[in-house]
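*Asks:* First the structure, then my questions, so here it is.
Readers should treat all values here as calculations from the given coordinates under stated rules, not as data from a laboratory. From a predicted model like this one, the values you see are computed outputs, not experimental measurements. Neighbour counts are summed over all protein chains in view; Cβ atoms, including those assigned to glycine, are modelled from backbone coordinates with ideal geometry.
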Amino acid sequence: MKGFDATKTTVDTSRRNALKALGLGTAALAAPGLLRSGPALAIPADLAMKPIPRTGEKVPAIGLGTHMTFDVKPGKPREHLREVMKIFFDGGGRVIDTSPLYGLAEVSIGDFATALGITGQLFMADKIWVTGEWLGDDSHAQQQLRRSMERLWRDQIDLMQVHSLVNARTVIRAMQDWKNDGQIRYIGASHHLPSYYHLMAPWVEKGTLDFAQVRYSLATREAEERILPAALDTGTAVMVNMPFEKARLFKIVKGRPLPDFASEIGCETWAQFFLKWIISHPAVTCAIPATTNPKHQADNIGALNGPLPDQEMRSRMLKHMQAIPEFDKVAKMPAYPGKTFDGVVKRGSRKPSKSK
Ligand SMILES: NC(=O)c1ccc[n+]([C@@H]2O[C@H](COP(=O)([O-])OP(=O)(O)OC[C@H]3O[C@@H](n4cnc5c(N)ncnc54)[C@H](OP(=O)(O)O)[C@@H]3O)[C@@H](O)[C@H]2O)c1
């Protein structure tokens, strides 16, 4: 099964509107192919779609993450996850982010996508995390690519990213070869720790990558310093991980009503408030929230609907969050408050015991 069918997307002006609203004009849209119209088919025209700058291909601005959430052991209940994926797809979602590092997440995605008959309509973003037998050896990267394709039931991966910049030079060179021979369509690098952004920034500034995946949320805004401006300058797409700070943002707004002004940008829930703030940044192509809960999925994919905030509104949203007492402590709170996972990653993350 080949990759995402780019003709099954629609034209959208959200990036243009966001640029205008942020006072950046439309110069950034002048690059050839940046806004490309395709036949309006599978995705309704009024959803927030964003172009991948390198090609102009459009993707929906809300994707789906799979870390921990889709890592389920064989034999364990998984029907709720199939439902999450169906609601995601039916709501217009196409971009799914996964990694061999996420235990059995790739297996779950490949399984559900095949059962739902949507494998070829997804924009699959995956990752490589390997070293080699010697410096510069890419044989392990090749093995990991092959295994990911088997698990996802795809003979082409839409986006391959070097995970957490591990062995970046060798892996990026290998990914360039795979792009040339059609095994992947885009290359990227991912990280979730701002303390590593200085290592990712040069790759973005040189324009080596098609995608940079970083953590960016109301509470973690360091990507604004180098990564997002460089992405705009070099036409690098940006995928945003941890948009909810691993559910910690929900903890600090628990019991608090949305501000009245949220209705002006079509936000009915806190999740939509958090997501719309992210995807309205002109450099951001999509955010990839993760969930195990079908109701939460319906909520998250709802952020594709309605208006996006302009710069003034984004500032207002941030100011509102900054007035919440625990806001500046979000990144230090324990991840996934109140949640438990039972996949192979959880099993593998137990601490080594002391020697006797
Ligand atoms: N490359 C990297 O270094 C890296 C690092 C981290 C993450 N990522 C990628 O980014 C994705 C997203 O990040 P993440 O999974 O770490 O965290 P996240 O998306 O910020 O948060 C996920 C958590 O939010 C909760 N949630 C989701 N929607 C909700 C809603 N509408 N209402 C209330 N709670 C909601 C989920 O709980 P429920 O299950 O109860 O909904 C889940 O525990 C990952 O899955 C992964 O694909 C990449």
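*Asks:* Could you calculate the contour length gain from Arg221 to Glu205, that is, 0.36 nm times the residue separation minus the distance between their Cα atoms, to one decimal place in nm?
*Replies:* 3.9 nm
*Asks:* Students often forget the sequence filter, so: which aspartates and glutamates lie under 12 Å Cα-Cα from Lys295 once same-chain residues fewer than 8 apart are removed?
*Replies:* Partners within reach: Glu83.
*Asks:* Hey, can you grab everything whose amide H is under 5 Å from the amide H of Val95? Only 5+ residues off in sequence or another chain; H modelled, so Pro and N-termini drop out.
*Replies:* Answer set, sorted by chain and number: Leu64, Phe123.
*Asks:* Take each of the peptides 44-57, 191-204, average the number of other beta-carbon atoms within 10 Å over its residues, and list them starting from the highest. The partial results should precede the final answer.
*Replies:* Numbers: 44-57: 19.9, 191-204: 16.9.
Answer by packing, highest mean first, reads 44-57, 191-204.
*Asks:* Please give the calculated 222 nm ellipticity per residue for the chain, where each DSSP H segment of at least 4 residues contributes -39500 (n - 2.57) and the sum is spread over every residue; nearest 500 deg cm²/dmol?
*Replies:* Numbers: 12 runs with 117 residues, N = 356.
So the calculated ellipticity at 222 nm is -9500 deg cm²/dmol.
*Asks:* Output the peptides 102-108, 232-238 sorted from most to least packed, where packing is the average of other Cβ atoms within 10 Å over each peptide's residues.
*Replies:* Values: 102-108: 24.3, 232-238: 20.6.
Packing order, densest peptide first, comes out as 102-108, 232-238.
*Asks:* Cα centroid distance between region 304-328 and region 89-105, in Å?
*Replies:* That distance is 27 Å.
*Asks:* Among His320, His67, what is the fewest-to-most ranking by other Cβ atoms within 10 Å? Don't jump to the answer; show the numbers that get you there.
*Replies:* Details: His320 18, His67 22.
Starting with the residue having the fewest Cβ neighbours, the order is His320, His67.
*Asks:* Report Rg(Cα)/(2.2 N^0.38 Å) for region 287-356, keeping two decimals. Can you show the working numbers first?
*Replies:* Numbers: Rg = 18.4 Å, N = 70, 2.2 N^0.38 = 11.1 Å.
Expressed relative to 2.2 N^0.38 Å, the Cα Rg reads 1.66.
*Asks:* Which of the pairs Lys251/Lys339; Lys73/Lys127; Lys251/Lys354; Lys251/Lys332; Lys251/Lys319; Lys251/Lys276 have their Cα atoms more than 23 Å apart in this structure? Numbers along the way, then the final one.
*Replies:* Values: Lys251/Lys339 12 Å; Lys73/Lys127 21 Å; Lys251/Lys354 35 Å; Lys251/Lys332 13 Å; Lys251/Lys319 18 Å; Lys251/Lys276 18 Å.
Violating the 23 Å limit, Cα to Cα: Lys251/Lys354.
*Asks:* How do the peptides 166-179, 134-147, 286-299 rank, highest first, by the average count of neighbouring beta carbon atoms within 10 Å per residue?
*Replies:* Values: 166-179: 18.7, 134-147: 15.2, 286-299: 21.6.
My ranking of the peptides, most packed first, is 286-299, 166-179, 134-147.
*Asks:* If you average 1/r over all unlike Cα pairs in region 6-330 and invert the result, what Kirkwood radius do you get in angstrom?
*Replies:* On the way: mean 1/r = 0.0505 Å⁻¹.
Result for region 6-330 stands at 19.8 Å.
*Asks:* Aspartates and glutamates near Lys50 by alpha-carbon distance under 17 Å, same-chain residues fewer than 8 away left out - which ones?
*Replies:* Asp5, Asp12, Asp97, Asp158, Asp210, Asp233, Asp310
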